[in-house]
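All remarks here apply to the structure that follows.
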Amino acid sequence: MRDIRKYKLIERGDRVLVGLSGGKDSVMVIDILDELRERNIIELEAVTIDEGIGGYREDGVRIARKICADRGIPHRVVSLEDYAGITLDEIMKNPSRSACTYCGVFRRWILNREARKSKATKIATGHNLDDETQAIVMNYLEGNLENLTRIGPMTSSAGGRFIPKIKPLREIPEKEVALYVLARGLDVHLAGCPYASGSFRREIGDFLKQISVKRPTIMYSTLRGFDRIKEILRRDLSESGRSGICVKCGEPASGKLCKACTFIEELTKR
């Protein structure tokens, strides 16, 4: 609850949609937010995205369904195949980009569309301190300064077309998330994504963990330092290019098509 209060992520009457994969991070998020639901502070529902990774996502879907059924939280499962007409397994048979790139774009796209369908006022994700620090370092090293301006405890709403995303676990290390779900006796999906091995994000994560052995506060200091310069980046880097509307799906776009629809067009031409 600390980050929720610190960053004022939740307001009374919010309708929050949780992206619930069944992994430890999203399970902790829904466990925390369920307390607010029980106190009638917020409305809560969850969506699980099935990317179409054979032998991997099924267990997460099972766990997500059980958690929500046990608590009476509305829940649904949607698939990448339903939205894009293709599974991630099919995409990765002949990829032109990394699985993480495809997955990240499609998941954000689907979550925003599902939130709009639900009339949600916020989308809650399970990004923890490790995830946030990895994103900062990765985008800086790749020169993606515009992406850096979008990292934070809560995104902007982009004129109402992007549903604001909140990160209740932003300052909680991955190890503490694991301890939380263990102490609470929560069932979680433990398997790692088979496509994550060898990804740039994984390399950055391993690098930061290695440094953390001798410098345990390195992730906190990275986050604190970034938060101090973030507003300078936002002032200097205009996001006006994101104010357009995708002609195919109606989601925010920097050009004629949003990134997800651009990917779909590329994939259908293969």
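The values are calculated or read from the model by the stated rules, or taken from the named source; none is laboratory data. None of the values given here were measured: they were computed from a predicted structure. Cβ: placed from backbone, ideal geometry, glycine included. Neighbour counts: every protein chain shown.
Overview of values
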| read-out | value |
| --- | --- |
| Qualifying position, being in contact (Cβ under 8 Å) with a residue 24 or more places away in the chain, of a type in the set (Val, Ile, Thr), surrounded by 12 or more Cβ atoms within 10 Å (Cβ to Cβ) and in a helix (DSSP H, G or I), among Ile204, Ile211 | Ile204 |
| Unmet requirement for Lys93, which otherwise passes all of (1) over 16 Å from the mean Cα position of the chain (by Cα); (2) surrounded by 22 or more Cβ atoms within 10 Å (Cβ to Cβ); (3) of a type outside the set (A, V, I, L, M, F, W, C) | (2) |
| Single match in Asp131, Asp82, Asp70 (criterion: at pLDDT 95 or above, farther than 25 Å from Arg184 by Cβ and not hydroxyl-bearing (Ser, Thr, Tyr)) | Asp82 |
| Some residue of region 6-22 being modelled with pLDDT of 95 or more, surrounded by fewer than 18 Cβ atoms within 10 Å (Cβ to Cβ) and acidic (Asp, Glu) | yes |
| Scan of region 4-31 for residues that are farther than 30 Å from Gly85 by Cβ and touching a strand residue (DSSP E or B) at 6+ places or on another chain (Cβ under 9 Å), ordered by number | Ile4, Tyr7, Lys8, Leu9, Ile10, Glu11, Gly13, Asp14 |
| Filter result for Arg184 (in contact with a Cys (Cβ under 7 Å, 6 or more places away or on another chain) and touching a residue at least 12 places away in the same chain (Cβ under 8 Å)) | no |
| Residue that is modelled with the lowest pLDDT [pool: residues in region 224-270 that are within 23 Å of Met154 (Cβ to Cβ) and among the acidic types (Asp, Glu)] | Glu239 |
| Test for Val247: is it in contact with a Gly (Cβ under 9 Å, 6 or more places away or on another chain) and in a loop (DSSP other than H, G, I, E, B) | no |
| Qualifying residues in region 23-44 (those that are among the acidic types (Asp, Glu) and either in contact with a Gly (Cβ under 7 Å, 6 or more places away or on another chain) or exposed (fewer than 15 other Cβ atoms within 10 Å of the Cβ) (or both)) - the one nearest to Pro168 (Cα to Cα) | Asp25 |
| Selected residue (only one of Val105, Val47 is out of contact with any Gly (no Cβ under 9 Å at 6 or more places or on another chain), within 24 Å of Phe162 (Cβ to Cβ) and aliphatic (A, V, I, L, M)) | Val105 |
| Residue, farthest from the chain's Cα centre (by Cα), within region 214-240, restricted to residues that are free of Cβ contacts under 8 Å to residues at least 40 places away in the same chain and not in a helix (DSSP H, G or I) | Arg215 |
| Sole residue being assigned to a helix (DSSP H, G or I) and crowded, with 16+ Cβ neighbours inside 10 Å, chosen from Ile63, Ile49, Ile53 | Ile63 |
| Residue list for region 65-89, restricted to those being farther than 30 Å from Glu266 by Cβ and touching a residue at least 12 places away in the same chain (Cβ under 8 Å) | Arg65, Lys66, Ile67, Cys68, Arg71, Ile73, Pro74, His75 |
| Per-region count, region 155-186, residues touching a Lys or Arg at 6+ places or on another chain (Cβ under 7 Å) and within 27 Å of Gly22 (Cα to Cα) | 7 |
| Phe162 vs. criteria aromatic (Phe, Trp, Tyr) and touching a Pro at 6+ places or on another chain (Cβ under 8 Å) | yes |
| Candidates Lys230, Lys269, Lys248, Lys259 - the one that is farther than 25 Å from Ile172 by Cα, in contact with a Leu (Cβ under 9 Å, 6 or more places away or on another chain) and either of a type in the set (Lys, Arg) or buried (at least 16 other Cβ atoms within 10 Å of the Cβ) (or both) | Lys248 |
| Counted residues, region 133-149 - those being crowded, with 19+ Cβ neighbours inside 10 Å and not in a helix (DSSP H, G or I) | 1 |
